[in-house]
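First the structure, in the form of structure tokens, and then the observations on it.
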Amino acid sequence: MTTTAWQFGFHDFVPEDEGRREALCTLGNGYFATRGAAPESRADGVHYPGTYVAGCYNRLSTTVAGREVENESLVNMPNWLLLTFRADDGPWFDLAQVEVLDHEQELDLERGLLVRRLRFRDGRARTTRIVQHRFVHLAAPHLAGLETTLVAEDWSGALTLRCGIDGDVTNSGVARYRDLGGRHLVDHRTAEVAPDIVVLHARTSQSDIHVAEAQRTRVRVGGDLVDARSLLQRGEVIAHDFTIDVERDVEVQVEKIVSLHTSRDFAATEPVTEAAEQVRDAAGFDELRRSHSMAWARLNNEFHSGLSMSAAAQQAVHLHLFHLLQTVSPNTTDLDAGLPARGLHGEAYRGHVFWDELFVLPTLDLRMPQLSRALLRYRHRRLGQARKAARDAGFAGAMFPWQSGSNGREETQRLHLNPRSDRWLPDHTHLQRHIGLAIAHNVWHYHQASGDEEFLRDFGAEMVLEIARFFASLAQYDRGRDRYVIRGVVGPDEYHTAYPGRDRPGIDNNAYTNVMTAWLCRTAVHVLRELPDQRRHELTDQLDIRHHEIDRWKRIAERMFVPFHGNGIISQFDGYDRLAELDWDAYRQRYGDIQRLDRILEAEDDDPNRYQASKQADVLMLFYLLSAEELEEILGRLGYPMPSIPDNIEYYLTRTSHGSTLSAVVHAWVLARGRRHRALEFFDEVLAGDIHDTQHGTTAEGIHLAAMAGSIDILQRCFAGIEVRDGALRLNPLWPTELGPLELTIRYRGQPLTIGVTGRTATVRTWPGRRRLPVTCACGSRTVHLGPGETARFSLENSLRGGDPAAHSPP
Ligand code: BGC
């Protein structure tokens, strides 16, 4: 594996690892992405070419375990990469059938390019060298390019090149979904629309999205263009074949420019015309590569920080940002697309949108808030569907789905396969109502960070109020306790979906859900107060929010029940402490990897519901989302004492299997203040997550976007201690000095600020400019208003010794 800070790649060919490498070498631009599959390959158990367009879903019904189930998936689009060849009349190129002398895949994280270098000897002892460059254009989001240079090192003869588009693709990238239907594309049509241009058109079977991919090819031998080509139209494949005479050491170059359009695009007539015209008019490969790299440099500028960590750690951070921006970029702002948990990189979770944006938005909020806004608009457009879901379930307000796709209906599967036992099982994870809390939290944090009043007024407030209304109707008054309770939900820890022996799914009083409901109810009242008078009246009229409803929210914020046990341990839910203890050592000994303890237990005819064993952080999410001050305030208002954070961390740390990559993010975060060494171990795990596929085989099915973005957020908000709250930028640095100093530029309420952090000291520099507004920065007990071009230095070490935490220097 390459380890320079801006290069990432692999220097051999290992068939069993190819899936992971393809996912990690995915190139995308926020509109579409294509896995780093070998251009000559088809889905064959080793390779899995996959191209996914943000927001393009389709539904298929299948009968499993005697039940008809309908699943919605992000559709694998026609494979535009297809490029293969054969020498004389030999077989078509197949890596498995030749002696591979060298094989490299290298991702250039600075310029957004994937380079493949390959040397091989075929069955007739001929040696051939190939270099392939590809990009998915950042500034022209429908365009992609693949350039192949082939040199016959020690032979000459006839070479046939095939360069085309393969529409014979299905969604079959995840083994455990293979019993479900996967053929989403129908009505394929192909055409040669110009001597050098071919087009493939298809549509999705149910959602009727039309997709067209057009390809323009140019072949040069020794620099001279080759005109002779023949058309191949076979089934769902269209290609141009070139048969040429190759001389030893003479370069053969194939330039392929592709354009992908769908019927969901704006400013378009229909996809075939758009795709064909765009490739006809597109510049050549070199010029496109240059404009693409310039766009990447601009985007990188907005996101990258000055890091002095080890080269491997820097590389991981760069790779994580890279894949975040493959999935969501300025091209996304005009789309109606959410953030798929596994990026546009694979088919796990069928491209669905979960609560994962909770871990992603903070990075976007502080760098390019318009991207957060676009993702929040995806939610807002589905508010109607969320209202309907609440109504159908007998509640008020808006109940957002745990898994969301095209139109915002609940997409969580009702049956899932345990690959260990091969049993299809009922799935109750849709009861994770806390998704709504995450959306409200995202709206509020976005507003705090961006100062975008217009968004709050036009979209955000409505979402927060409707979500609050839903949670207030979910909460029931329990007379015995004289408190509000929430029954029948599932918390972030998905192992507990019911009480042992009880038929009804769901658990009661998940502490995370309850505390965040108290937070939400108070925030909703606050949001109402923040709105301009006219908009407040409009919204309360439109939503018919009356005084008694607001009073109920206030009461819930003061009387929500939070379960505790032992000496100040917040119970994950009512009765968690009465569940059996699991013999963790025995399970580790028996199985080694027990991340997916739920599958292990079920395969043993046991049930995770019986144990105090959690898949991922649940109670600890509270310490992740809320500062200690905020949590103390919320609990205080509810009449509960603030518990010991270290005791709670310790309790759950020993009872968690970390079956989700999100768990390491939260644990690194919550341990940062008390057990730095352990926090850094978790941080290393977050950095390693996809690079080393620590969830064993899951990276091949798509990257873990929330963990990737989470690593950036740990640096900025956790270690550097940058918090946006109550109209101020708050700094509470506790930067691990072993990581070297950090310098980063963030955008806070429209103002760019450069922040330098090391240890417990921070320097904030505002950028000069006449139109810039003052920025309020707070650190320790001091608050400073920084005008344009001013610098403030804060040191919490001094403040601990009683000195002045803030020194403020004018420009
Ligand atoms: C986790 C969820 C997460 C989902 C998608 C699951 O394994 O338990 O919290 O939202 O993956 O990333």
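A short reminder: the numbers here are calculations on the coordinates, not readings from a lab. Just so it is clear, the structure is predicted and the values come from calculations on it, not from any experiment. For neighbour counting, all protein chains shown are included, and Cβ atoms are generated from backbone atoms with ideal geometry for every residue, glycine included.
Using only Cα atoms, tell me the angle between helix 533-543 and the longest principal axis of the chain; keep it within 0 to 90° and round to the nearest 10.
The two axes meet at around 80 degrees.
List the relative contact order of the stretch 201-321 as a percent without decimals, with contacts defined as Cα pairs under 8 Å and 6+ residues apart. Each step should come with its number before you reach the end.
Values: 132 pairs, mean separation 29.7, N = 121.
Rounded, it is 25 percent for the stretch 201-321.
Relative to the longest principal axis of the chain, what angle (0 to 90°, nearest 10) does the C-alpha long axis of helix 285-303 take?
Taking the Cα atoms of the chain, the angle to 285-303 is about 10 degrees.
To the nearest 500 deg cm²/dmol, what mean residue ellipticity at 222 nm is calculated for the chain from DSSP H runs of n ≥ 4 alone, each contributing -39,500 (n - 2.57), summed and divided by the residues?
Details: 21 runs with 238 residues, N = 811.
Here the helix-only value at 222 nm equals -9000 deg cm²/dmol.
Counting pairs of alpha carbon atoms under 8 Å apart in space and at least six apart in sequence, what relative contact order in percent does the chain give? Please report the intermediate quantities before stating the final value.
Details: 1809 pairs, mean separation 85.9, N = 811.
Relative contact order, the chain: 11 percent.
Specify which residue in the list Leu734, Leu796, Leu744 is farthest towards the positive end of the charge dipole of the stretch 728-809, using unit charges on the beta carbon of Lys, Arg (+1) and Asp, Glu (-1), about the Cα centre.
Of the candidates, Leu744 comes out farthest on the positive side.
For the stretch 263-268, in order, what is each residue's ³J(HN,Hα) by Karplus, 6.51 cos²θ - 1.76 cosθ + 1.60 with θ = phi - 60°, in whole Hz (x at glycine and Pro)?
The phi angles translate into 6, 8, 6, 8, 6, 9 Hz.
Please check the chain for the longest run free of chymotrypsin sites (Phe, Trp or Tyr not before Pro) that are loop-located per DSSP (anything but H, G, I, E, B) and have at most 12 other Cβ atoms within 10 Å. Mind showing how you got there, number by number?
On the way: sites that count: Trp92, Phe266.
With a cap of 12 other Cβ atoms within 10 Å, the longest stretch comes to 267-811.
What are the residues whose amide H is under 5 Å from the amide H of Thr656, where those residues sit 5 or more places off or on another chain and H is modelled from the backbone?
Those lying under 5 Å, H to H, from Thr656 are Ser614.
Kindly work out what percent of the DSSP beta bridges joining two residues of the stretch 728-809 are antiparallel, to the nearest 5.
Numbers: 27 of 30 bridges.
For the stretch 728-809, the DSSP antiparallel bridge percentage is about 90.
Can you give the net charge of the other residues whose Cβ lies under 13 Å from the Cβ of Val279, counting K and R as +1 and D and E as -1? Show your work: numbers first, answer last.
Details: positive: Arg216, Arg218, Lys256, Arg280; negative: Glu192, Asp196, Glu213, Glu255, Glu274, Glu277, Asp281.
With Lys, Arg at +1 and Asp, Glu at -1, the neighbours total -3.
Put +1 on the Cβ of every Lys and Arg and -1 on every Asp and Glu Cβ in the chain; which of Ser329, Leu60, Pro271 then has its Cα farthest towards the positive end of the dipole?
Comparing the listed Cα positions along the dipole, Ser329 ranks first.
What whole number of Å gives the distance from the Cα centroid of the stretch 183-197 to the Cα centroid of the stretch 693-721?
Each part reduced to its Cα centre gives a spacing of 38 Å.
Based on the alpha-carbon gyration tensor of the stretch 561-706 and its eigenvalue square roots a ≥ b ≥ c, which shape applies: rounded if a/c is under 1.5, prolate if not and a/b is larger than b/c, or oblate?
On the way: a/c = 2.15, a/b = 1.29, b/c = 1.66.
Oblate is the answer for the stretch 561-706, as a/c is 1.5 or above yet b/c matches or exceeds a/b.
Taking the Cα centroid of the stretch 289-308 and of the stretch 1-58, what is the distance between the two, rounded to the nearest whole Å?
21
What whole-number distance in Å separates the alpha-carbon centres of the stretch 610-624 and the stretch 60-114?
What the calculation gives is 38 Å, centre to centre.
Output ³J(HN,Hα) for the stretch 480-496: one whole-Hz value per residue in order, computed from phi by the Karplus curve 6.51 cos²θ - 1.76 cosθ + 1.60 with θ = phi - 60°, and x for Gly and Pro.
Once θ is set to phi - 60°, the couplings for the stretch 480-496 become x, 8, 6, 8, 8, 10, 10, 10, x, 10, 10, x, x, 6, 7, 5, 9 Hz.
Quote the convex hull volume per residue of the chain, based on C-alpha atoms, as a whole number of Å³.
On the way: hull volume 140.6 nm³, N = 811.
Cα-based convex hull of the chain, divided per residue, equals 173 Å³.
Sort the stretch 336-452 into rounded, prolate or oblate with this rule: let a ≥ b ≥ c be the square roots of the eigenvalues of the Cα gyration tensor; rounded if a/c is under 1.5, and if a/c is not under 1.5, prolate when a/b is larger than b/c, oblate otherwise. Can you show the working numbers first?
On the way: a/c = 2.32, a/b = 1.42, b/c = 1.63.
Cα axes put the stretch 336-452 in the oblate bin.
Could you tell me whether the stretch 246-385 comes out rounded, prolate or oblate from its Cα gyration tensor? Rule is a ≥ b ≥ c as square roots of the eigenvalues, rounded for a/c under 1.5, then prolate if a/b exceeds b/c, otherwise oblate. Intermediate results must be reported in sequence, preceding the final value.
Numbers: a/c = 2.06, a/b = 1.22, b/c = 1.69.
The shape class here is oblate.
What are the ³J(HN,Hα) values, in whole Hz, obtained from phi via the Karplus relation 6.51 cos²θ - 1.76 cosθ + 1.60 with θ = phi - 60°, for each residue of the stretch 161-171 in sequence order, with x given for Gly and Pro?
Calculated HN-Hα couplings, in order: 10, 10, 9, x, 10, 10, x, 8, 10, 9, 8 Hz.
Please pull out the direction-averaged projected area of the stretch 728-809, using the convex hull of its alpha-carbon atoms, in nm² to one decimal place. Display every interim value, and only then the final one.
Working: hull surface 20.1 nm².
Over every viewing direction, the Cα hull of the stretch 728-809 projects on average to 5.0 nm².
Residues with amide H under 5 Å of Glu251's amide H, sequence separation 5 or more or different chain, H placed in the peptide plane at 1.01 Å from N; which?
Gly222
Please go through the stretch 52-106 and write out the GluC sites (Glu not before Pro) that DSSP classes as loop and that have at most 14 other C-beta atoms within 10 Å. Spell out each step's value before the answer.
Values: sites: Glu68, Glu70, Glu72, Glu99, Glu104, Glu106; in loops: none.
Listed in order of number, the matching sites amount to none.
Under a point-charge model restricted to the Cβ atoms of Lys and Arg (+1) and Asp and Glu (-1), what is the dipole moment magnitude of the chain relative to its Cα centre, in debye to the nearest 20?
On the way: 93 positive and 112 negative charges, 496 e Å.
Result for the chain is approximately 2380 debye, rounded to the nearest 20.
Helix 511-530 against the longest principal axis of the chain: what's the angle in degrees, Cα atoms only, rounded to the nearest 10?
So the helix axis and the longest Cα principal axis differ by about 80 degrees.
Positive end of the charge dipole of the chain (Lys, Arg +1 and Asp, Glu -1 on Cβ, about the Cα centre): tell me which of Val665, Ala214, Ala316 has its Cα farthest that way.
Checked the options; the winner is Val665.
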